[in-house]
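Trainee: My questions all concern the structure below.
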């Protein structure tokens with residue numbers, strides 16, 4: 001047996017002896033004597049000397065160094081490590097309260113919206129102001145009553161009736177007072193006679209041969225006529241197509257304005273004609289009935305009103 005092998009055997013035997021002497025429990029239990037320090041050191045010295053004296057085979061490098069202590073010579077045992085309990089989930093620290101939101105400073109109140117200054121209103125054309133100066137229901141005693149072969153003037157059937165028996169002329173009844181800038185309203189309708197007859201309002205009357213007449217016809221005709229020195233001509237005329245003039249024996253509300261050199265005619269609130277003429281600027285007012293070709297037209301008038309233009 002080579003010397004190295006023998007030394008290994010001896011060492012093993014010695015180690016086993018030491019282990020058995022301390023670990024085996026033979027016989028009655030007695031307290032295990034603790035090996036003294038000298039015996040342990042002697043054994044360690046012996047093992048070291050045997051190891052150092054063992055020959056090293058040729059070509060082999062010694063890589064094992066002699067244990068320096070008995071603990072190093074024993075095989076290592078991996079200790080069983082008891083796992084540590086999982087660390088407790090850290091209790092979250094109490095969150096710090098958010099910093100207080102700064103209280104906004106007082107919102108400035110909106111400045112008062114300036115009141116828009118009123119734009120100057122352009123001077124509108126002023127509407128004429130009319131004042132009632134005469135009013136009559138035409139039922140009694142204010143107008144002339146008379147008759148002849150050419151005409152007849154009378155109160156009848158709740159109104160004042162004029163009958164014209166003259167061809168191409170006008171029968172009229174007027175008041176005595178003279179007016180400037182006037183407006184006249186009257187309600188009228190045909191009682192009998194031809195379809196080419198007409199009737200209306202006379203203004204700026206000077207005498208029987210000089211005046212204006214603003215009239216409508218039984219057939220829907222209308223016109224503004226000037227009679228000057230006995231000669232009658234119509235400054236403006238036409239035939240109504242709108243229905244403003246009620247034909248036949250239907251009742252019409254007429255209005256004539258003779259003011260500031262302008263003559264204007266309305267029927268039932270609708271303007272029919274207007275013309276400028278300053279032949280006569282003032283005069284009396286009245287009612288008239290005319291014939292074109294066939295005589296015999298009779299018209300009943302009711303509720304006349306006279307307005308005068310008020311001066312500013």
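The values are calculated or read from the model by the stated rules, or taken from the named source; none is laboratory data. Being a predicted model, the structure only gives us computed values, none of them experimental. Glycine gets a Cβ as well: all are built from the backbone with ideal geometry, and neighbour counts include every protein chain shown.
Trainee: Determine whether residue 223 is surrounded by 14 or more Cβ atoms within 10 Å (Cβ to Cβ), closer than 20 Å to residue 174 by Cβ, at pLDDT 95 or above and within 56 Å of the chain's Cα centre (by Cα).
Mentor: So residue 223 fits the description; yes.
Trainee: Six or more apart or on different chains, Cβ atoms under 7 Å: show the pairs whose first residue is in the range 210-224 and under 14 Å from residue 275 (Cβ atoms) and whose second is not in a strand (DSSP E or B).
Mentor: Listed by first residue and then by second, the contacts come to 212/280; 222/240; 222/245.
Trainee: Could you list, in sequence order, all residues of the range 142-163 that are more than 13 Å from residue 300 (Cβ to Cβ) and touching a strand residue (DSSP E or B) at 6+ places or on another chain (Cβ under 8 Å)?
Mentor: 142, 144, 145, 146, 147, 150, 151
Trainee: Follow-up question, since we're still on this one. Answer with yes or no whether residue 243 is assigned by TED's automatic domain parsing to the domain that holds residue 283, part of a loop (DSSP other than H, G, I, E, B), more than 26 Å from residue 179 (Cβ to Cβ) and touching a residue at least 40 places away in the same chain (Cβ under 8 Å).
Mentor: no
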